[in-house]
Amino acid sequence: MRGPGVFGSAYGRMLERWPRAPGSVDDVLGREMVLLAPETAPALYQPPGSVRYGKGSRPELERFVERAIAGVTGEEGKVRGIAQALGRWHHAFEESPAAADYEAYRFGGTEESILARGSDNCADIARLACALYQVAGLPARLGFLADTDQAYCGHVICEVFYRVPAGPVRGLAPGALWGAVDPETNVVYQHPDGRPASLWDLHRSPQLVELHRGPGRVYTYPGQFRAVAISHYDIADSERYDYTEVPLNDYVRGIWRMGDAGWPGGLRWLFGEDGGEESRLDSARGSR
C-alpha cells in the first residue's frame with residue numbers, strides 16, 4: 001500500500017491538506033511512501049546500494065556535516081554527531097522569534113533553505129537529516145509514523161544504514177543495519193546491545209521504544225510507532241524534484257493554535273477528517 005492513505009482515511013485526509021506544493025519533493029515523497037508490514041518488510045530491509053552523493057556538490061551541507069562530526073570516529077559517531085547537531089539547530093529555532101511568526105513560516109524548499117531559515121516541521125527536518133547523512137556517506141531514508149488511535153499524532157523521522165563497532169566489548173558481529181533516528185529530538189534508536197534499532201523493530205516492540213523515553217522526547221512512545229511507512233530519498237536525484245516553498249495554510253494554523261491553547265475539549269479531529277461533522281476552522285483560530 002502506497003501514498004497518504006496508508007494510515008487510514010483520517011490520516012490520509014490530514015496529509016492531503018498538509019502544506020506542500022503539488023508535485024514538490026515533499027508531495028512526491030509522501031505519495032511514494034510504502035506501508036511497513038510483514039508483506040513489505042523483506043523488500044524494504046535489503047542492504048542499500050552505495051551512496052551516490054558527489055563530493056563538492058552541496059558545500060553548505062558539507063560544512064554542517066564537517067562541524068557535526070569533527071572529532072568523532074566510525075559510522076556510529078557520524079550518526080550521533082549529526083543527530084546532536086540537528087537537535088541543537090532545532091532547539092535554537094524553537095527559541096527564536098521566527099518560530100512564533102506564523103505569517104513568515106514556510107514549508108519545504110531545498111535542504112539548504114531549510115538549514116538557513118530553521119524549521120519546526122518534522123518533515124523538513126527529517127529530509128534535511130537524510131541529506132546530511134548521505135553527504136556523510138551513509139544511506140538514509142524517510143520514516144513516516146502515525147499513532148492511528150489518536151488525532152494529529154503523525155511524525156517524520158529518518159532511518160540510517162550504519163555499522164557499530166564490533167568486538168568483545170559489545171559482542172557484535174561485523175555488518176551494518178538500518179537504524180531509526182529522530183533528528184528533531186536527537187534520539188538514536190538502538191537495541192540494548194548497541195545494534196541499530198530499525199523502524200520495523202520499533203513497530204513490533206513497544207518495550208524497545210520505551211527504553212528510549214526521556215525528557216523532551218515527545219514522539220518517543222509506543223503508540224507513535226503504531227503505523228510506519230518508508231519513503232526513499234536520494235539527494236543525487238535532486239534534479240528530479242521541485243523544491244517550491246509554501247506558506248502555512250489555514251488548516252495547519254488551526255491545528256497549531258489549538259495545540260498552543262492546550263487542546264481545550266481534548267485532542268480530537270477538528271475538520272471532519274474522520275468522516276464526522278466538519279468543525280468550523282474559525283473555532284480553532286486565535287492568537288498564538
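The values are calculated or read from the model by the stated rules, or taken from the named source; none is laboratory data. Everything numeric here is computed off the predicted structure, so don't read it as measured data. Glycine gets a Cβ as well: all are built from the backbone with ideal geometry, and neighbour counts include every protein chain shown.
One table, with the values for the structure above:
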quantity: Some residue of region 36-43 being among the charged types (D, E, K, R), part of a loop (DSSP other than H, G, I, E, B) and either over 20 Å from Arg127 (Cβ atoms) or touching a Cys at 6+ places or on another chain (Cβ under 6 Å) (or both); calculated: yes
quantity: Enumeration of residues in region 179-196 that are surrounded by 24 or more Cβ atoms within 10 Å (Cβ to Cβ) and either hydrophobic (A, V, I, L, M, F, W, C) or part of a loop (DSSP other than H, G, I, E, B) (or both); calculated: Ala180, Val181, Pro183, Glu184
quantity: In region 61-70, the residues that are out of contact with any Gly (no Cβ under 9 Å at 6 or more places or on another chain) and surrounded by 14 or more Cβ atoms within 10 Å (Cβ to Cβ); calculated: Leu61, Phe64
quantity: Qualifying residue in region 165-175 (condition: within 24 Å of Gln134 (Cβ to Cβ), among the small types (Gly, Ala, Ser) and buried (at least 17 other Cβ atoms within 10 Å of the Cβ)); calculated: no
quantity: Filtered residue count, region 216-243, keeping only those that are among the aliphatic types (A, V, I, L, M) and surrounded by fewer than 21 Cβ atoms within 10 Å (Cβ to Cβ); calculated: 2
quantity: Residue among Asp242, Asp250 that alone is at negative phi and without any contact (Cβ under 8 Å) to a residue 60 or more places away in the chain; calculated: Asp250
quantity: Among the residues listed as Arg31, Arg13, Arg20, the single one being part of a helix (DSSP H, G or I) and either under 15 Å from Tyr233 (Cβ atoms) or assigned by TED's automatic domain parsing to the domain that holds Ile255 (or both); calculated: Arg31
quantity: Evaluation of Arg63 against (1) part of a loop (DSSP other than H, G, I, E, B); (2) farther than 23 Å from Leu199 by Cβ (one fails), failing number; calculated: (1)
quantity: Matching option when the condition is within 21 Å of Ser9 (Cβ to Cβ), under 19 Å from the mean Cα position of the chain (by Cα) and at pLDDT 95 or above, among Val228, Val209; calculated: Val228
quantity: Criterion violated by Arg52 - all others in (1) out of contact with any helix residue (DSSP H, G or I) (no Cβ under 6 Å at 6 or more places or on another chain); (2) assigned to a loop (DSSP other than H, G, I, E, B); (3) touching a residue at least 12 places away in the same chain (Cβ under 8 Å); (4) surrounded by fewer than 20 Cβ atoms within 10 Å (Cβ to Cβ) satisfied; calculated: (1)
quantity: Matching residues, region 89-114, being in a helix (DSSP H, G or I) and without any contact (Cβ under 8 Å) to a residue 60 or more places away in the chain; calculated: Trp89, His91, Ala92, Phe93, Glu94, Pro97, Ala98, Ala99, Glu112, Ile114
quantity: Subset of region 74-87 (residues that are in contact (Cβ under 8 Å) with a residue 24 or more places away in the chain and either surrounded by fewer than 18 Cβ atoms within 10 Å (Cβ to Cβ) or among the charged types (D, E, K, R) (or both)); calculated: Gly74, Glu75, Glu76, Lys78, Arg80, Gln84
quantity: Every residue from region 1-13 that is within 13 Å of Leu145 (Cα to Cα) and among the hydrophobic types (A, V, I, L, M, F, W, C); calculated: Val6, Phe7
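To keep it simple, each residue is scored yes or no on (1) of a type outside the set (S, T, N, Q); (2) over 26 Å from Gly74 (Cα atoms); (3) in contact with a helix residue (DSSP H, G or I) (Cβ under 8 Å, 6 or more places away or on another chain).
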position: Gly175; (1), (2), (3): yes, no, no
position: Pro183; (1), (2), (3): yes, no, yes
position: Tyr189; (1), (2), (3): yes, no, yes
position: Asp193; (1), (2), (3): yes, no, no
position: Ala197; (1), (2), (3): yes, no, yes
position: Trp200; (1), (2), (3): yes, no, yes
position: Leu208; (1), (2), (3): yes, no, yes
position: Val218; (1), (2), (3): yes, yes, no
position: Ala227; (1), (2), (3): yes, yes, yes
